[in-house]
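> Sharing a structure below in structure tokens format, with a few things to ask.
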Amino acid sequence: MSDDTPSDPPSDPVSGLPRHLPHGRLPAGDPPPRPSYPTTPGAPPFGERYLPMDDGPLSPREERAYAALAHLSQVGGLVLAPMLLLASLGRRSLFVDRHAKEAFNFQVTYLLLFVAAVVVALRGTGPTVLGVVAAYGLAFAAFAALRSWQGAFFRYPIAIRFLR
């Protein structure tokens, strides 16, 4: 007596795949269902996280660090870094907002002074004007970063207020 129904090929005891398929390939058909995890209302979908910018107000230590970073970005010549901090963290912290605006105002003023010093230095006055302007910018940026790290507000003595 022979049975007309085809028998399933023996399967591998470790992977559970039929032995006639190469290891790692699934038989044709629907993929296995994805697990679903219930989430609470208002929570992000499973596997996704909120961006750090959505976490609410900054801690005082984070405020001081970002404010100091806004001032120290001048040392690296990153004029737009205070604007990035202002756009990303300005709503979360009034302290970072004020320091980023002040740093941006000074950096644009410093950039204008530096261009004027280069023009004066090229006209024959010498590199002393350029050196004085560079030292002025670096000294005030370092001092402002130190004061902001201490939690104080710093206002540059010579800066055009582009942002208030």
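Read-outs: derived from the displayed coordinates by stated rules, not from any lab. Predicted model only: the values in this text are computed from it and were never measured. Neighbour counts run over all protein chains shown; Cβ positions are idealised from the backbone, glycine included.
> For segment 60-149, what's the relative contact order in percent, using C-alpha pairs closer than 8 Å and at least 6 residues apart?
On the way: 88 pairs, mean separation 34.4, N = 90.
Averaging sequence separation for qualifying contacts and normalising by length gives 38 percent for segment 60-149.
> Then there's this: Taking segment 60-149 on its own, what percent of its Cα-Cα pair distances exceed 21 Å?
It works out to 33 percent of all Cα pairs.
> Per the Kirkwood formula on distinct C-alpha pairs, the Rh of segment 85-128 is how many angstrom?
12.1 Å
> Which of Phe154, Phe106 has the fewest other C-beta atoms within 10 Å, and how do the rest follow up to the most?
Phe154, Phe106
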